[in-house]
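Enquirer: Supplied in structure tokens, the structure appears directly below.
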Amino acid sequence: QGQLVESGGGLVQPGGSLTLSCAASGINFNLYTMSWYRQAPGKQRELVARITSGYSTNYADSVKGRFTVSRDNAKNTVYLQMNSLKPEDTAVYYCNTMIWGQNYWGKGTLVTVSS
């Protein structure tokens, strides 16, 4: 059974940087699109970034130019490099993939942007 485990969240000041990691197990990682979502308090979960098996990427407008998604198939890991962080980036960040119509989610990692 597939499992996704996020790490790297924490408290950071506005303008700072963080890198999130998502380690996958139990799936043929290199075959699938991997996505990062986030959910802020009182808001719906939203797509932040995704990277396909062919390394194509797309981003939410709110993070374009600040966030970069990447993957290392040898390590079964997807990353989210977050720069120029803003208070509105505060959220729980989730890793996701969909395999044969089934969604797999990690438990999330909390990112708090505050001075």
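The values are calculated or read from the model by the stated rules, or taken from the named source; none is laboratory data. Note that this is a predicted model, so its numbers are computed, not measured. Quick reminder, even Gly has a Cβ in these numbers, built from the backbone with ideal geometry, and neighbours come from all protein chains shown. Accessible surface is based on the protein model in full, side chains and every heavy atom, while ligands, DNA and RNA are left aside. Shrake-Rupley method; radii C 1.70, N 1.55, O 1.52, S 1.80 Å.
Enquirer: Name the single residue, out of those in region 60-115 being in a loop (DSSP other than H, G, I, E, B), open to solvent by 60 Å² or more (accessible area, probe 1.4 Å) and among the hydrophobic types (A, V, I, L, M, F, W, C), that is nearest to Ser17 (Cα to Cα).
Expert: Filtering first and then ranking leaves Ala74.
Enquirer: Take the conditions basic (Lys, Arg) and under 18 Å from Ser7 (Cβ atoms) and apply them to Arg66. Does it pass? Break it down stepwise before answering.
Expert: Details: basic (Lys, Arg): yes; under 18 Å from Ser7 (Cβ atoms): no.
Judged against the criteria, Arg66 is not a match.
Enquirer: Moving on. For region 26-59, name all the residues that are open to solvent by 40 Å² or more (accessible area, probe 1.4 Å) and closer than 15 Å to Glu88 by Cα.
Expert: Listed by number, the residues that qualify are Tyr37, Gln39, Pro41, Gly42, Lys43, Gln44, Arg45, Glu46, Leu47.
Enquirer: Another question about this same structure. Which count do you get for residues in region 1-17 that are open to solvent by less than 30 Å² (accessible area, probe 1.4 Å) and modelled with pLDDT of 95 or more?
Expert: Going through region 1-17, the residues open to solvent by less than 30 Å² (accessible area, probe 1.4 Å) turn out to be 2, 4, 6, 10, 12, 16.
Add one more test, that the residue is modelled with pLDDT of 95 or more, and what stays is 4, 6, 10, 12, 16.
Selection size over region 1-17: 5.
Enquirer: For residues that are aromatic (Phe, Trp, Tyr) and out of contact with any strand residue (DSSP E or B) (no Cβ under 6 Å at 6 or more places or on another chain), tally how many sit in region 50-74. Working first, answer last.
Expert: Initial filter on region 50-74 (aromatic (Phe, Trp, Tyr)): 55, 59, 67.
In the following step, the residues that additionally are out of contact with any strand residue (DSSP E or B) (no Cβ under 6 Å at 6 or more places or on another chain) were identified as 55.
Result for region 50-74: 1.
Enquirer: Sticking with this structure for a sec: Are any residues in region 50-91 touching a residue at least 60 places away in the same chain (Cβ under 8 Å) and among the basic types (Lys, Arg), and if so, which ones? Working first, answer last.
Expert: Let us first name the residues in region 50-91 that are touching a residue at least 60 places away in the same chain (Cβ under 8 Å), namely 79-87.
Matches in region 50-91: Lys86 only.
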